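First the structure, in the form of structure tokens, and then the observations on it.
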Amino acid sequence: MAGRIRTIKPELLEDERTAGLSDRSWRLFVSMLLLADDYGNLRGSATYLGGAVFWARELPIGRVAESMQELLAAGLITSYTVHEQHYLAIKGWSKHQRVDRPSPARIPGPQAEIREITLASDSRVIRERLATDQDQDQDQDPDRDREGASAPVALAAAERQPLLLAAPKCATPDPREEICARLWAAQDQLRREVNQRARPLRLTDAARASVLAVLSEHSEEDCDHVLRVYAAEARRARTEGKSDWFDGVSNWRPENFRRALGRDHEPAPQQEWRFRG
């Protein structure tokens, strides 16, 4: 997304839909304009948006989800699902954003969901017709032997396989997702305490998978301890003029995590750090 330019017009302040937004939802909406691709579409995960927009704040994912619902209710965005992935589309994008040379779309648009549903509906009609034809064939020749019927029945069964699954329903949220987002924000906070120039780390899919893998074997308290160990070691390394090792995804590799779990950490120089959702 580097180099993209987005336009925010003064009329946005006069829009009744945006004027009634809460401060958090307003910030999220403006950030969506920056995160969206050249076609006004972006990923719709609350965890992703929380990490990208509110990385410097201790904001629970539930609050991000509330702001997303507020934007949906105001009619500023629409949500859709393609291949079990959640996305958002900003309404009126083409009216307010001018993109001279749009880059190739990396995110499927809302029309992809429509095609998915349409194909699923068509496959249902095909299956019903095949089932009806099979029933009629059996009615016309009720005395045919099992050996002669096996091939047509097998063929009909194969043809009745769905061409595409119906549009998936939203899965039940994994409670570990919120813990994952909190730990990632805590990691960034500790990294900035060690080095004020440290750039925030994005919670990518690979990073999320690494944290969730650790959470499947260790408690949140263990994760908090390991992050403190990394911070203490990085702080000590900087004091001694050595390079500090506190780079995000590597922190969550199983072998690194297990080694750090058995080490002690020095107390924080100021008040004790506790991450609260």
Practice item. Among the residues of segment 196-230, write down those that are closer than 19 Å to residue 58 by Cα and of a type in the set (S, T, N, Q). Key: 196, 204
Check your understanding: Of everything in segment 229-249 that's touching a helix residue (DSSP H, G or I) at 6+ places or on another chain (Cβ under 8 Å) and of a type in the set (Val, Ile, Thr), which residue is surrounded by the most Cβ atoms within 10 Å (Cβ to Cβ)?
Key -> 229
Study note, to complete from the structure: Going through (1) closer than 10 Å to residue 252 by Cβ; (2) surrounded by fewer than 20 Cβ atoms within 10 Å (Cβ to Cβ); (3) touching a residue at least 24 places away in the same chain (Cβ under 8 Å) one by one, residue 226 fails only at (2)
**Study point:** Residue count for segment 202-248, restricted to those that are within 17 Å of the chain's Cα centre (by Cα) and not basic (Lys, Arg)
**Key:** 10
Study note, to complete from the structure: Note on segment 57-90: residues surrounded by fewer than 16 Cβ atoms within 10 Å (Cβ to Cβ), in a loop (DSSP other than H, G, I, E, B) and modelled with pLDDT under 90 are 57, 58, 83, 84
Check your understanding: Looking at residue 37, is it charged (D, E, K, R) and over 24 Å from residue 206 (Cβ atoms)?
Key -> no
Point to revise | Index of the failed condition, residue 73 passing every other in (1) under 17 Å from the mean Cα position of the chain (by Cα); (2) within 19 Å of residue 23 (Cα to Cα) | key: (1)
Exercise for review: Kindly list the number of the only condition in (1) polar (S, T, N, Q); (2) farther than 30 Å from residue 191 by Cα; (3) surrounded by 16 or more Cβ atoms within 10 Å (Cβ to Cβ) that fails for residue 45.
Suggested key: (2)
Revision key, fill the gap. The residue that is nearest to residue 181 (Cα to Cα), considering only those in segment 25-56 that are hydroxyl-bearing (Ser, Thr, Tyr) and assigned to a helix (DSSP H, G or I), is 47
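Given the options 23, 37, name the one that is surrounded by 14 or more Cβ atoms within 10 Å (Cβ to Cβ) and of a type in the set (Asp, Glu). Break it down stepwise before answering.
Details: 23 fails: surrounded by 14 or more Cβ atoms within 10 Å (Cβ to Cβ).
The match here is 37.
The values are calculated or read from the model by the stated rules, or taken from the named source; none is laboratory data. The shown structure was predicted, so the numbers you read here are calculated from the model rather than taken from an experiment. Using ideal geometry, Cβ is built from the backbone for each residue, glycine included, and neighbour counts are taken over all protein chains shown.
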